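Undergrad: For reference, the structure I am asking about is given below.
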Amino acid sequence: MINLDFSILQWSLLTVCAMFIGMSKVGVPGISMIVVPTLAIIFGGKASTGVLLPILMMADLFGVAYYHRHAQWKYFWKLLPWALIGIGIALWVGKVVNDELFKNIIAILVFGSIGLMLWKDRKKGTDFFPDTWLFAASMGILGGFATMIGNVAGPVFAIYLLAMHLPKNSFIGTGAWFFLVVNFLKFPLHIFVWKTITWNTLTIDFILLPAIAVGAFLGIILIKKISEKTYRTAVIIITVLSAFLLLI
């Protein structure tokens, strides 16, 4: 059971994490990557996924509310069945490994996701992926595994949606709906299989709800004003350092 008796520093970190999640769901790319290792350091690897998931679910509602009309459902249905297979694989892995190894897997997934973000940036504008079932299957399974183990599937699905040449609003809208559905499907698995969601963790999540809303509001404003290059560089540096702490 997770204790609610946190220090001021820990509550501050949780509040910032919730704000970052809110910002990420309205189109600020990559910023949620910082949250994953931070929560894993505070709560432990597996337990942190149960704390984070309801925060993501609440933030998903903000993202869908803002971009719901722009979803491209063809790509949603191409990915979903394969993502469910990836989630099933991750569900089994999470049952058989200890927490130390679980944190190491999260760290590796974070590093891999950062690598995918950097690779995607270098290949921007290049038509290097085919629109085939094999590509959708591989991205779906990898993304499903990453979202169940560490809630770090964003870069995987971003690569798929970018490869489909979706415009900005369609890209965000399709991703918003996809993660809303996937995260709500994961919710009972965390309760009944991994047992990482309890009344205590839900209490933490509801306390952080206002921070999610503030983050979503700030994200809508900041995405129009901040230099993406500067922002992404800062996110990557902080995230890599946080992931290294998981391996110590």
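Values in this text are rule-based calculations from the coordinates and carry no lab data. Here the structure is a predicted model, which means the values were calculated and not measured. Don't worry about glycine lacking a Cβ; one is built from the backbone with ideal geometry, like all the others, and counts go over all protein chains shown.
Undergrad: How far is it, in nm, from the label point at residue 207 to the one at residue 244 when both lie 7 Å from their Cα along the line to the Cβ?
TA: Between residue 207 and residue 244, the simple spin-label model gives 3.1 nm.
Undergrad: Cα-Cα over 24 Å: which of 95/186; 78/195; 74/186?
TA: Too far apart for the 24 Å limit: 78/195.
Undergrad: Determine the gain in length on full extension of the stretch residue 89-residue 222; use 0.36 nm per residue of separation and subtract their C-alpha separation, reporting nm with one decimal.
TA: 44.2 nm
Undergrad: Could I ask something else about it? Mind ordering 135-144, 44-53, 157-166, 111-120 by average Cβ neighbours within 10 Å, highest first?
TA: 44-53, 135-144, 157-166, 111-120
Undergrad: Which of the lysines could a cross-linker bridge to residue 225, judged by Cα under 20 Å and excluding same-chain residues fewer than eight apart?
TA: 25, 168
Undergrad: Something else now. Which value in deg cm²/dmol, rounded to the nearest 500, describes the helix-derived mean residue ellipticity at 222 nm for the chain, given -39,500 (n - 2.57) per DSSP H run of n ≥ 4 and division by the residue count? List each step's numbers first, then the result.
TA: Working: 11 runs with 193 residues, N = 248.
Calculated mean residue ellipticity at 222 nm is -26000 deg cm²/dmol.
Undergrad: Multiplying the sequence separation of residue 192 and residue 133 by 0.36 nm and subtracting their Cα-Cα distance, what value in nm do you get?
TA: Fully extending the segment from residue 192 to residue 133 adds 18.0 nm.
Undergrad: Say R0 is 30 Å: what FRET efficiency, to the nearest 0.05, do residue 165 and residue 10 get from their beta-carbon distance?
TA: 0.10
Undergrad: Among the complete DSSP H segments of the chain, which ones combine at least 27 Å of alpha-carbon extent along their axis with a mean Kyte-Doolittle hydropathy of 0.5 or more? Kindly include the intermediate steps, with their values, before the conclusion.
TA: Numbers: long enough: 45-67 (31 Å, 1.12); 73-96 (35 Å, 1.00); 99-122 (34 Å, 0.75); 168-192 (37 Å, 0.98); 228-247 (29 Å, 1.37).
Helices meeting the criterion: 45-67, 73-96, 99-122, 168-192, 228-247.
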